[in-house]
Amino acid sequence: MNLESFIAEKVACATEVLYGTKAPLEAIQLSATRKEFEGDITLVAFQLLRLSRKSPEATAQEIGAYLKENVPQIESFNVVKGFLNLKISPMYWSEVFASIAADADYGQGAPTGRTVMVEFSSPNTNKPLHLGHIRNNLLGWSVSRLLEAAGDKVIKVNLVNDRGIHICKSMLAWLRKGNGVTPESSGIKGDHLVGDYYVEFNNMLQQEICENLRSAGIDPAQATPEQKKEAEKNAECLQEAQRMLVRWEQGDSEVRALWAKMNGWVYDGFDTTYRNLGISFDKIYYESQTYLLGKSLVEEGLKKGVFYRRDDGSVWCDLTADGLDEKLLLRSDGTSVYMTQDLGTACRRHEEYNFDEMIYVVGNEQNYHFQVLKLILSKLGFDWADAIYHMSYGMVELPEGKMKSREGTVVDADDLIEQMYNTAKETSLASGKLEDMSPEEQDKLFMMLGLGALKYFIVKVDPRKTMLFDPRESIDFNGNTGPFIQYTHARIKSVLRKAAEQGMTPSVTAAELLPKEIEMVKILADFPGKVKEAAGAHSPALVANYAYNLAKEFNQYYHDVSILKEADAKVRAQRLALIEVIARVLVKAMDILGIQLPERM
């Protein structure tokens, strides 16, 4: 039981004795005491005046006096107008600490019975994963782990956008410019190789746009946006890519064979990146396997009058009456769009898992898309449409600005992981504290620190915010960073190892807690509530910053209080038990974020 629940029950008992009526728990308003007043928790008396029929000050005074007299855990109280500030005794915090120390699964919520599906990653097969994908993957993974910690059953899924005009562009460029090159013949990772040809297609397209403009007597440098758009529309390579998409949907064996080969290269590359990030999925869906279901839903919608067909054969949904616009569902050539396959995929998932919530981890540039998806599913008669939640997150930017895939100006995920490893290696070796570690141990540590820095730097930011990523800042061993928390854990483990070598054993002995120790117990006591709060907000950032605050509080304690040199054996044993619990909670919190903590550094 947390402090608020404990005090609420005692206040309810107080009102029953004092005023003859037990206050309902929802009427008992509690909050942390403001720093300018003495106390740990504050009761707002105004909600209880209908029971006491007295002034706020008198009501607060009477309840405070009753609690002080009858609840041993209340040390003192004071009243400020209608606010009752309660000071909790060290005895209470000792009891709380003993309870936490005895709970091997502390922080793990009881099963809720809910099934939640989380879709994240969702890459296109025309390019490798980049920094933007990393934020997506890390948010998706940590939200999944967070919901599991809160007691939900979570199904982690990936939807691979393996068909569409984007992959046709890479395929066409490879046919024209590739000369049969493969990942094996070139030594280039498969997703990188295909991505190179996506960039090459854009180069081909820009060249044709310029040629078309010149043919029309227009200087490309002086062309208007409308003129450029028309020149692009008439570009032969773009038209050929569109014809290739039609052939794919018609099942053309030649196009399908090339598509399968190049996608295979990409999947091998993705798997390597996911493995390096520590990411995995319970199930992977492919757009090529769900778009037909989406097209069948469109046909049903046409029959029901939910959609309509234009003269050119394209199919639309008119959402203007809902304050939106008209949404394309099938092109005039019969090919599907993203919305088509998302309709089909959502229905298949609900049939398979009957989820209570379906979370899409997708950037905020798709806010409108998911608003439309929910609305169309509702119009089609699916009562579970409201279970869809778009976890919209901000983009990742670099000091030099935004990334652009078509221009090849993205920060590649594999390159970034390697850079983080090298930065962690350089920083760690400079400390001069790794002489007793084998090369294999050092290699593992560098990867752990590099990934910990990357992951923490990204997930500590409110997901809704656009963030600026700076690799050097993320690896700092001081401040609100992953390595700071990793170092804190290693420091605790070092103390515990030294204690074991001297025959000292951690134990809860009921020794009196110091004020600094009580502050750490308070933070520990907040952990289950923080997990629940973060899960409700779909915000791993709350857990990340909780872990930082706990690590920061420990380091202050470590510098101010003797642990191993404490003369009193009972006090020493309890201090060891306290830091052991802190290490355990740090591991749990960081595990939610997908971050490993080293035993030593």
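Here is the list for region 12-49: chymotrypsin sites (Phe, Trp or Tyr not before Pro) lying in DSSP coil, each with at most 12 other C-beta atoms within 10 angstrom of its C-beta, are F37.
Please list, or write none, the aspartates and glutamates whose alpha carbon is within less than 12 Å of the alpha carbon of K444, excluding same-chain residues fewer than 8 places away. Once the sequence-local aspartates and glutamates are set aside, what remains near K444 is E599.
Can you tally the net charge around W265? Count Lys and Arg as +1, Asp and Glu as -1, for every other residue whose Cβ sits under 14 Å from the Cβ of W265. With Lys, Arg at +1 and Asp, Glu at -1, the neighbours total -3.
Note on region 282-411: lysine pairs with Cα distance below 14 Å, sequence gap of 8 or more or different chains, count 5.
Site-free segments of the chain were taken between trypsin sites (Lys or Arg not before Pro) in DSSP loops having at most 12 other Cβ atoms within 10 Å, sites themselves excluded; the longest one is 82-309. Taking a Cβ cut-off of under 11 Å around G294, the surrounding Lys, Arg, Asp and Glu residues balance to a net charge of -2, with basic ones at +1 and acidic ones at -1. Ranking V157, S31, Y267 by how far each Cα lies toward the positive end of the dipole of the chain (charges on Cβ) leaves S31 at the top. The charge dipole of the chain, taken about its Cα centre with unit charges on the Cβ of Lys, Arg, Asp and Glu (plus for the first two, minus for the last two), comes to roughly 760 debye. With the Cα gyration tensor of region 162-280 giving a ≥ b ≥ c as the square roots of its eigenvalues, does the rule (a/c under 1.5 for rounded; else a/b larger than b/c for prolate; else oblate) give rounded, prolate or oblate? Cα axes put region 162-280 in the prolate bin.
Cross-link list K87/K493; K530/K570; K87/K530: which exceed 29 angstrom alpha carbon to alpha carbon? Over 29 Å Cα-Cα: K87/K493; K530/K570. The loop-placed GluC sites (Glu not before Pro) in region 420-509, going by DSSP, that have at most 16 neighbouring Cβ atoms within 10 Å of their Cβ come out as E435.
Counting Lys and Arg as +1 and Asp and Glu as -1 over every other residue whose Cβ lies under 13 Å from the Cβ of C237, the net charge comes to -1.
No value in this document is a laboratory result; all are computed from the given coordinates. Keep in mind that what you see is a predicted model, and the values were worked out from it rather than measured. Because the Cβ atoms are built from the backbone with ideal geometry, glycine has one as well, and the counts that use them run over all protein chains shown.
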